[in-house]
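Visitor: Take this structure, written in structure tokens, and hold onto it; I'll ask about it next.
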Amino acid sequence: MNGSAMNDAERRILVIKLGALGDFVQALTACGFIRRHHARDRVALLTAAPFADLSRASGLFDSVEIDARPKAYQLFDWLALRRYLREGRFARVYDLQTSDRSSFYYRLFWPGPWPEWSGIAKGCSHPHANPSRDFMHTLERQAEQLRMAGIAEAEARAPDVSFLQADVSRFGLGARYVLLVPGGAAHRPGKRWPVERYAALATELAAKGFAPVLLGAGAEAPLTGRIRALQASAVDLAGQTTLAEVVALARGAAGAVGNDTGPMHLIAAAGVPTVVLFSGESDPALCAPRGPRVTVLRRDPLETLSVEDALAALL
């Protein structure tokens with residue numbers, strides 16, 4: 001698709017999806033329906049920098065533009081964003097972010113003309129006019145939004161991450177391992193199961209012949225390091241994996257246990273038996289990872305979840 005010349009039958013379509021990781025992964029389902037519905041059109045994506053490579057690898061977009069997410073005082077960045085939107089000559093925009101920020105982008109087309117717009121921006125042509133939309137799971141909400149915009153075939157399928165492929169032989173893992181994802185938003189510690197519980201779970205898994213493999217971003221290395229210090233058999237890969245490698249590791253794993261955090265959406269979509277731990281700070285009915293073999297455990301507070309319950313759910 002990239003690099004092909006535009007003909008008279010093509011229209012320019014824009015998708016807006018900024019993040020975070022879990023939200024972006026779930027939006028791949030809606031993006032797939034948009035791509036198929038607009039098979040003869042040129043589909044562009046406006047997204048955040050961390051998701052550019054993932055977006056390009058998906059094959060769903062003809063072009064990917066990075067949104068600098070300008071602050072109120074960054075006038076030149078706002079002017080550049082406005083220029084991209086207006087000069088893009090987009091016939092239709094699908095706002096899958098549906099935030100105050102992305103809805104404001106609709107106003108950047110003033111004084112017109114405005115493209116067709118699917119989202120929640122005031123005055124847009126194809127509003128997601130469901131007053132209960134904030135109480136729907138992300139996949140159901142976006143599917144309904146697309147149906148209201150004329151994509152009748154849209155439905156709430158689990159994301160397809162089959163395009164993410166990687167050789168993970170360099171990690172030297174055996175045939176029997178379980179992924180543990182103990183991280184998450186640092187500013188919301190209540191969403192994290194205590195590291196001592198992860199270490200105890202790693203010990204139980206090792207006793208059953210499974211290598212515990214710790215995944216996380218580089219900033220979470222101190223967290224995984226504490227687990228590794230408590231359970232020496234754990235393999236610590238924090239900060240060492242790409243998103244494609246996370247998916248590849250998931251395909252070879254016996255299972256995975258992790259907090260409500262972005263990588264769990266990739267792992268669940270890969271099809272591995274996945275146990276996702278939720279506290280009272282987020283609602284799995286709205287945002288739980290989707291996949292063919294996902295189990296959600298919710299405790300409030302999360303520290304009351306026992307190692308035995310997590311292990312039973314996994315095995």
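No lab work stands behind these numbers, since they all come straight from the coordinates. Computed from a prediction, not measured in an experiment: that's the story for all the values here. Positions of Cβ are backbone-derived with ideal geometry, glycine not excepted, and every protein chain shown enters the neighbour counts.
Visitor: Quick one: grab the alpha carbon gyration tensor of the stretch 1-160, order the square roots of its eigenvalues as a ≥ b ≥ c, and give me rounded if a/c is under 1.5, else prolate or oblate depending on whether a/b is larger than b/c. Please list the in-between numbers first.
Guide: On the way: a/c = 1.27, a/b = 1.11, b/c = 1.14.
Verdict is rounded for the stretch 1-160.
Visitor: Let me ask another. So what is the relative contact order of the stretch 209-255, in percent, for Cα pairs below 8 Å that sit 6 or more residues apart?
Guide: Normalised by residue count, the contact order of the stretch 209-255 is 40 percent.
Visitor: Once you have all Cα-Cα distances for the chain, histogram them in 20 Å bins from zero and send the whole-percent values.
Guide: With 20 Å bins starting at 0, P(r) equals 32, 52, 16, 0.
Visitor: Still on this model: What aspartates and glutamates sit close enough to Lys71 to cross-link, taking a C-alpha to C-alpha distance under 14 Å and skipping anything fewer than 8 places away on the same chain?
Guide: Within the straight-line limit of under 14 Å, Lys71 reaches these aspartates and glutamates: Asp100.
Visitor: If the reach is capped at under 28 angstrom between alpha carbons, list the lysines near Lys208, excluding any in the same chain fewer than eight residues apart.
Guide: Of all the lysines, those that pass the test against Lys208 - Cα under 28 Å, at least 8 places apart if same chain - are Lys191.
Visitor: Restricting things to alpha carbons, tell me how big the stretch 94-151 is in terms of Rg and Dmax, in Å.
Guide: Radius of gyration, then largest Cα-Cα span, for the stretch 94-151: 11.2, 35 Å.
Visitor: Under the rule a/c < 1.5 gives rounded, and otherwise a/b versus b/c splits prolate from oblate, where does the stretch 210-306 land using the Cα gyration tensor?
Guide: It comes out oblate by the Cα gyration axes.
Visitor: Restricting to Cα atoms and excluding each atom paired with itself, what does the Kirkwood estimate give for the stretch 70-202 in Å?
Guide: After inverting the pairwise mean of 1/r, the radius is 19.1 Å.
Visitor: Relative contact order for the chain: what is it in percent, counting Cα pairs under 8 Å that are at least 6 residues apart?
Guide: The value is 16 percent.
Visitor: Toward the positive end of the charge dipole of the chain, about the Cα centre and with charges on Cβ (Lys, Arg +1; Asp, Glu -1), which of Met264, Ile34, Tyr73 goes farthest?
Guide: So the residue we want is Tyr73.
Visitor: Here is a follow-up. Can you find, among Ala186, Val235, Leu85, the residue farthest towards the positive end of the dipole of the chain? Put +1 on the C-beta of Lys and Arg, -1 on that of Asp and Glu.
Guide: The residue sitting farthest along the positive end of the dipole is Leu85.
Visitor: Let me know the shape class of the stretch 174-220, please: from the alpha-carbon gyration tensor, a ≥ b ≥ c as square roots of the eigenvalues, rounded when a/c is under 1.5, otherwise prolate if a/b is greater than b/c, or oblate.
Guide: oblate
Visitor: Given the options Lys122, Lys208, Lys71, state which has the largest fluctuation in a GNM of the chain using a 10 Å cut-off (strictly under) for Cα springs.
Guide: Comparing Lys122, Lys208, Lys71 in the GNM, the peak value goes to Lys71.
Visitor: Could you point to the residue in Leu214, Leu286, Pro50 farthest towards the positive end of the chain's charge dipole, with +1 and -1 charges on the Cβ of Lys/Arg and Asp/Glu respectively?
Guide: Toward the positive end, the furthest listed residue is Pro50.
Visitor: Report, in deg cm²/dmol and to the nearest 500, the calculated mean residue ellipticity at 222 nm for the chain, where each DSSP H run with n ≥ 4 adds -39500 (n - 2.57) and the sum is divided by the residue count.
Guide: Calculated from helices alone, the mean residue ellipticity at 222 nm is -10000 deg cm²/dmol.
Visitor: How high is the relative contact order of the stretch 12-148, given as a whole-number percent (alpha carbon pairs under 8 Å, six or more residues apart)?
Guide: It comes to 25 percent, rounded to a whole number.
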